[in-house]
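What follows is a short report on a single structure.
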Amino acid sequence: MSATLSHPNPGNAKYDRVMKVAAGDKRFKILEVTMKKNQFRHDSLIEVLHKAQELFGYLEDDLLRFVAYKLKLPPSRVYGVATFYHFFSLKPQGKHTCVVCMGTACYVKGADKVVEALQNKLKVKSGETTPDGNVSLLTARCIGACGIAPAVTYDGQVSPKQTPEQALEKIGQWLQPA
Amino acid sequence: MQLDELKAIAEKKKASAKKVCLRTCLSAGCISSQSDVLHKNLATEVKAAGLENDVEVRRVGCMGFCGQGPLVGVDHKEGKEELFEFVKPDDAKAIVSHLKGGACDVQKGDPQHPFFAKQVKIVRANGGIVDPENIEDYLAIGGYQALHHALTEMNSESIIDTITKSGLRGRGGAGFPSGIKWGTVAKSPGAKKYVVCNGDEGDPGAFMDRSVLESDPHLVLEGMAIAAHAVGADQGFLYVRAEYPLAISRLQIAIKQAKALGLLGSGIFETPFNFNVDIRIGAGAFVCGEETALLASIEGERGMPRPRPPFPAVKGLWGCPTLLNNVETFANISAIINKGADWYASFGTEKSKGTKVFALTGKIKNNGLIEVPMGIPLRQIVEEMGGGAPDGHSVKSVQTGGPSGGCIPAEHLDTPVDYESLGKLGSIMGSGGMVVMDDTTNMVEIAKFYMEFCMDESCGKCIPCRAGTVQMFHLLEKITQRKATKRDLDKLEELCDMVKNTSLCGLGQTAPNPIQSTLRFFRSEYEALLQPDATGAPVGANGTAKAH
Amino acid sequence: MAAKTLTINGQQVTAEEGATVLQVARDAKINIPTLCHLDGMKDVGACRLCIVEVVGTPKLLPACTTVIAEGMEIKTESDRLRKYRKMTLELLFAERNHVCAVCVANGHCELQTLAYEQGVDHVRYDYLFPKWGVDTTHERFGMDHNRCILCSRCVRACVEIEGAATKSIAGRGAKSKIISDLNEPWGEADSCTSCGKCVQSCPTGALFNKGSTVAEMEHDRSHLDYVVTAREKKLWVTHA
């Protein structure tokens, strides 16, 4: 795909704002190193977004703009790609994340019951974060841990053969006031 | 690197084998039950017991019996094999003392269990045996010798001829003959060509490719290199889904090690053949398993499929001829080169040769990965190897092929597992997910589950898939909520036919399969939920036209 | 270029190698319905209205992206094709909020015309009534997402012809949405050149000139083909 005709330059208000934010944050430097490693190639966009999400936790607008400016890609394309892939999050995640696998094997073994119990307890729907920003409840399409279904990932750690009770107990630890 | 150097490393590694080898599964499944801690504890205990010179503590990939994990295999040099199941980190001490003749109350498994005994391992031959993070382990069992043979003794034509004669068909699901595909890429004009490995294993209920990548990454790399030589490519891409971080890190290690030994890179085995592999990480889009969408994703775009023809074999990545095969397909290559097409073709049926790896999961006693010859009756897999449904229930149906496949009812369990037979039953071989459902499973709910999946995963490009899946899901919801009539069911069937025949890519074309197959075998479950038609009522609640 | 001979609906036609079925059919005055196709831009094969039957091929093929071959036998009309096309249009009507009576493009809408042509007299699927917004922040143009059928013609006009790439598609599946720059209000998208090509390319009333009221919005869709091919076809008057 072609780059835009008129690429933003210094003097453009959005460009200046993004570069000012980036100058004060070391993570943008690290991100730029990743882009450099990929020779700022357009096809490295997904790799770069992975790195950006790893560094910042989620992809906010100015971060996407920074990527677009540096890779010389239209912002619309960067946004289009970031929203096509469900691995990328454009909203901040909670302090803790709980991902229930809803692959077929987990589903037939009762993962839906686990999700239901968690939704009731946290009072959010899957895909949402509790209003206090403590817990994000997510579902996955299949994490490939079917042999130990149903599987739930708590803060990145996969736990095998989960029951609603076990899941509630686990997140109960997060809900306690520190 | 020359062949004698390769063999020297292998011999040295073999000669250094210790009396006993303790193999701990460090695949994603067992790690979730702390097998990584267990592995460390075993090393500590072996050291504490002063057995370092006699006992090797080895990190291995998946042994297959995931439902019984974490697993620890014990190989004695004289040939005895033992297996421990459900091993906890604290069990390390007991296992090590057992090696010295002490008592041990850790649950013992049977390495001769039908789950293992019925398997024929080609793709998974080294899984659970070699250390996936140590290339020397792979070399010790003859790794990369097939690549050497292909580079020095064979040319493009003879390799493709061998693959064609072997009868190997694409293991991604559709079963296209690999030899023909390779031949097309080889013949397509173009100075630059690519080899792409599809590791975007998106079918829910399937983890064969994850296991192969985590357990034996070099096997896939070697297969890709042989393919590259055959079709005239010098650059490869391995597309792995982001949900598999362990597979990604092991591949990164494997590529680095292979490069260091000159088995990837420039002038491999001192021939003019160059081959580099880059990893591309997916980002959570099932549709990227479709080949043209996967290529768009590698190019850094939205993973939207495009019409075929032109096929990727003619016009693929950046418009260049591209060979695209699945992980399991590449994992078969080195064995075919080493042992010959006839040997490979001796497994399986007339039209489906070789073996297939399945992820046997769901309501079944023995969960895990199996590799069986094509043509094995489904009943043998489910009843003998899988042990049937647990808790006194009976098997109702077996789902194969994920969201693109169908449900095979219990009365058809004697069907041989091959591409044609499964197709006749309205299902597909698929990539190898096999989810067993018992008599408590509601088949309409299952169809709805898959339709919701397809609806969420539709890329939105073509209308039949984008809007059709939404309406099919909506109709299924109406049925399960007991709000639908016979007319709604008719509409659903009509939509299934339309979406199947008019969608742009494989996702849409196969999305109706779960509905069609459950309707074929479990129609009464749908009909039981229908409401009587109110006489004279309009077709739908909003059945008036707006196009005026 | 070698010529290829083929038949469409039993009629023998000859065309240049590399031509698509759609081009050949149109040259022979055979009508094939289309929505995502627009002369002057790349074909994507997305709307599936131009599907045709090709003897010897089990699958239905989109006419816009299928290249002709010697001896091809093509059928552009059959009961099955008519049924599928009608269903495709019905699915579109049920997907978003296409209320012709209050639409700026009423009477000048390709979707509406096709519905008449294909005999869509009612929609059998439940209307989904999604709540999409209307973006009127641009000084000259507006975008009503409720009328959008996601054909991507505006995106292609913006990327391929204008080269501004202001427009793209965000999200996926039924939640896909045409965006401007970083999903900003159109008026704030600084890459937009206000050329209006997207507006001219729109088949429905989704993109419109501001100030148009019901039935007033006439898109000049041939404008794009003119922009692309005028030089090659020497369509302007030269003053020596």
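Do we find a residue being modelled with pLDDT of 95 or more and within 16 Å of C:Asn31 (Cα to Cα) anywhere in the stretch C:87-94? Can you show your working first?
Filtering the stretch C:87-94 down to residues modelled with pLDDT of 95 or more leaves C:87-94.
With within 16 Å of C:Asn31 (Cα to Cα) added as a condition, the list becomes none.
Looking through the stretch C:87-94, none of the residues is modelled with pLDDT of 95 or more and within 16 Å of C:Asn31 (Cα to Cα).
Among the residues of the stretch B:296-342, the ones that are among the hydrophobic types (A, V, I, L, M, F, W, C), away from chain C (no Cβ under 14 Å) and not in a loop (DSSP other than H, G, I, E, B) come to 13 in all.
Among the conditions (1) over 30 Å from C:Asp190 (Cα atoms); (2) among the aliphatic types (A, V, I, L, M); (3) touching a Gly at 6+ places or on another chain (Cβ under 9 Å), the only one that C:Val102 does not satisfy is (3).
Cβ-Cβ contacts under 6 Å between residues 6 or more apart (or on different chains), taken from a first residue in the stretch C:79-96 that is free of Cβ contacts under 8 Å to residues at least 12 places away in the same chain and within 8 Å of another protein chain (Cβ to nearest Cβ) to a second residue that is of a type outside the set (Phe, Trp, Tyr) and assigned to a helix (DSSP H, G or I), are listed as C:Met87/B:Met498. Selection of the stretch B:413-433 for residues being out of contact with any helix residue (DSSP H, G or I) (no Cβ under 7 Å at 6 or more places or on another chain) and more than 14 Å from chain C (Cβ to nearest Cβ) yields B:Pro416, B:Asp418, B:Tyr419, B:Glu420, B:Ser421, B:Leu422, B:Lys424.
Of the helices (runs of 4 or more DSSP H) lying entirely inside the stretch B:452-541, those carrying at least 1 residues that are small (Gly, Ala, Ser) are B:463-480, B:506-510, B:513-527. For the stretch B:466-481, the count of residues that are modelled with pLDDT under 95 and hydroxyl-bearing (Ser, Thr, Tyr) is zero. Residues of the stretch A:77-103 that are touching a strand residue (DSSP E or B) at 6+ places or on another chain (Cβ under 7 Å) and within 11 Å of chain B (Cβ to nearest Cβ): A:Arg77, A:Tyr79, A:Gly80, A:Thr83, A:Val99, A:Cys101, A:Met102.
Report yes if C:Val55 is touching a residue at least 12 places away in the same chain (Cβ under 8 Å) and within 14 Å of another protein chain (Cβ to nearest Cβ), otherwise no.
Details: touching a residue at least 12 places away in the same chain (Cβ under 8 Å): yes; within 14 Å of another protein chain (Cβ to nearest Cβ): no.
Taking the combined requirement at face value, the residue does not satisfy it.
Just to be sure I understand, how many residues within the stretch B:455-469 are at the interface with another protein chain (Cβ under 7 Å from one of its Cβ atoms) and within 19 Å of C:Arg85 (Cβ to Cβ)? Qualifying residue count for the region: 7. One residue alone among A:Ala145, A:Ala140, A:Ala117, A:Ala149 is touching a Cys at 6+ places or on another chain (Cβ under 6 Å) and farther than 30 Å from C:Leu150 by Cα, and that residue is A:Ala149. Evaluation of B:Ala260 against the conditions (1) under 26 Å from B:Ile180 (Cβ atoms); (2) surrounded by fewer than 24 Cβ atoms within 10 Å (Cβ to Cβ) shows that the sole unmet condition is (1). Comparison of A:Asp43, A:Asp25 shows that the only residue that is acidic (Asp, Glu), surrounded by 14 or more Cβ atoms within 10 Å (Cβ to Cβ) and over 30 Å from B:Leu295 (Cα atoms) is A:Asp25.
Quick one: which helices (runs of 4 or more DSSP H) sit completely within the stretch B:1-90 and have at least 1 residues that are more than 14 Å from every other protein chain (Cβ to nearest Cβ) and loosely packed, with under 15 Cβ neighbours inside 10 Å?
Numbers: elements: B:3-15, B:28-31, B:35-48.
Fully inside the stretch B:1-90 and qualifying: B:3-15, B:35-48.
The set of residues from the stretch B:264-295 being small (Gly, Ala, Ser), at pLDDT 95 or above and assigned to a helix (DSSP H, G or I) comprises just one member, B:Ala293.
To keep it simple, each residue is scored yes or no on (1) under 16 Å from the mean Cα position of the chain (by Cα); (2) surrounded by fewer than 23 Cβ atoms within 10 Å (Cβ to Cβ).
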{"residue": "C:Thr166", "(1), (2)": "no, no"}
{"residue": "C:Gly173", "(1), (2)": "no, yes"}
{"residue": "C:Ser180", "(1), (2)": "no, no"}
{"residue": "C:Glu184", "(1), (2)": "no, yes"}
{"residue": "C:Cys198", "(1), (2)": "yes, no"}
{"residue": "C:Cys202", "(1), (2)": "yes, no"}
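Among the residues examined, C:Ser212 does not qualify as touching a strand residue (DSSP E or B) at 6+ places or on another chain (Cβ under 8 Å), assigned by TED's automatic domain parsing to the domain that holds C:His108 and of a type in the set (S, T, N, Q). Sort through B:Gly430, B:Gly468 and tell me the only one that's crowded, with 23+ Cβ neighbours inside 10 Å and more than 30 Å from A:Ala145 (Cβ to Cβ). Residue meeting the stated conditions: B:Gly468.
Which fully enclosed strands (runs of 3 or more DSSP E) of the stretch C:146-240 have 3 or more residues being in contact (Cβ under 8 Å) with a residue 12 or more places away in the chain and more than 22 Å from C:Val99 (Cβ to Cβ)? Spell out how you get there, then give the answer.
Details: elements: C:167-170, C:177-180, C:207-209.
Per the criteria, C:167-170.
What about B:Glu133, is it at pLDDT 95 or above, under 20 Å from B:Ser27 (Cβ atoms) and surrounded by fewer than 24 Cβ atoms within 10 Å (Cβ to Cβ)? So B:Glu133 fits the description; yes.
Can you name the helices (runs of 4 or more DSSP H) wholly within the stretch A:104-178 that have at least 3 residues being within 10 Å of chain B (Cβ to nearest Cβ)? Let's see the steps before the verdict.
Working: elements: A:104-108, A:111-122, A:164-175.
Where helices (runs of 4 or more DSSP H) fall fully within the stretch A:104-178 and carry at least 3 residues being within 10 Å of chain B (Cβ to nearest Cβ), they are A:104-108.
Against the list (1) surrounded by 16 or more Cβ atoms within 10 Å (Cβ to Cβ); (2) assigned by TED's automatic domain parsing to the domain that holds B:Ala227; (3) of a type outside the set (Gly, Ala, Ser); (4) in a loop (DSSP other than H, G, I, E, B), the condition B:Lys192 fails is (1).
In the stretch B:422-448, what residues are at pLDDT 95 or above and in contact with an Asp or Glu (Cβ under 6 Å, 6 or more places away or on another chain)? Selection gives B:Met443, B:Val444.
Is it the case that the stretch C:157-170 has a residue that's out of contact with any helix residue (DSSP H, G or I) (no Cβ under 8 Å at 6 or more places or on another chain) and within 22 Å of C:Thr88 (Cα to Cα)? The answer is no, given that none of the residues of the stretch C:157-170 is out of contact with any helix residue (DSSP H, G or I) (no Cβ under 8 Å at 6 or more places or on another chain) and within 22 Å of C:Thr88 (Cα to Cα).
When you check B:Phe273 against the structure, is it among the aromatic types (Phe, Trp, Tyr), surrounded by 20 or more Cβ atoms within 10 Å (Cβ to Cβ) and farther than 15 Å from A:Glu47 by Cα, yes or no? Answer is no for this residue.
Which residue, of C:Ala105, C:Ala25, is in contact (Cβ under 8 Å) with a residue 12 or more places away in the chain, surrounded by 22 or more Cβ atoms within 10 Å (Cβ to Cβ) and under 21 Å from C:Cys202 (Cβ atoms)?
Numbers: C:Ala25 fails: under 21 Å from C:Cys202 (Cβ atoms).
C:Ala105 is the lone residue from the list that is in contact (Cβ under 8 Å) with a residue 12 or more places away in the chain, surrounded by 22 or more Cβ atoms within 10 Å (Cβ to Cβ) and under 21 Å from C:Cys202 (Cβ atoms).
Looking only at residues in the stretch C:100-112 that are over 30 Å from B:Glu493 (Cβ atoms) and out of contact with any Pro (no Cβ under 9 Å at 6 or more places or on another chain), which one is farthest from the other protein chains (Cβ to nearest Cβ)? Step by step, filter the stretch C:100-112, then rank; the result is C:Val104.
Out of B:Asp209, B:Asp203, report the one residue that is part of a loop (DSSP other than H, G, I, E, B) and surrounded by 24 or more Cβ atoms within 10 Å (Cβ to Cβ).
B:Asp203
The values are calculated or read from the model by the stated rules, or taken from the named source; none is laboratory data. Keep in mind the model is a prediction, meaning the values are calculated, not measured. Neighbour counts run over all protein chains shown; Cβ positions are idealised from the backbone, glycine included.
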